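Presented below is the structure to which this report refers.
All of the numbers you see were taken from the coordinates with simple rules; none came from a lab. Worth saying up front: this structure is predicted, and the values here are computed from it rather than measured. Heads up, the Cβs are rebuilt from the backbone with ideal geometry, glycines too, and the neighbour counts pull from every protein chain shown.
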Amino acid sequence: MNDVAKTYLRFAAMIATSTAVMYGLTYLNSYAFDHVFFSETRLYMALVMGASMVVFMLTYMLPMHTSRRANLTIYLVSAVLFVGSLWLVRSQATVGQVSYMKAMIPHHSIAILRANGRRSPTRACAISPTASSTRK
């Protein structure tokens, strides 16, 4: 494998790793680990962020990536991925009822976590006991 191919493979690995980490980071503010369920919406948002990151990172790294054809292909694939993922996250076309309800668990878990926090807004503190008792 030549050096040019290695730089593109390293770039692809960097983008894939960063996108996977971004997906995982969306769950950091869950109240409890058992509130973490797979979420198509979070996956699509991670893909939107990853596709955006490709454009900026490749643009900054153009001197290291010298194949014009490969660069144009990467930009095109990134644009298609961005538009497709954005459409999926906005339309929720692939999200079924059960999947939607499971995705609401980590979403509401964030509210519980925030309501139980020391610096939470007054309104969140007022609804915290009700929200916590219905979720546990």
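Sorted fewest first by neighbouring Cβ atoms within 10 angstrom, 78, 91, 39 come out as 91, 78, 39. Give me 43, 28 ranked fewest to most by other Cβ atoms within 10 Å of their Cβ, as a rough exposure proxy. Ascending Cβ contact count within 10 Å gives the list 28, 43. Sorted fewest first by neighbouring Cβ atoms within 10 angstrom, 89, 54 come out as 89, 54. Applying the criteria of a DSSP loop state and at most 10 other Cβ atoms within 10 Å to the chymotrypsin sites (Phe, Trp or Tyr not before Pro) of the stretch 1-88 yields no site.
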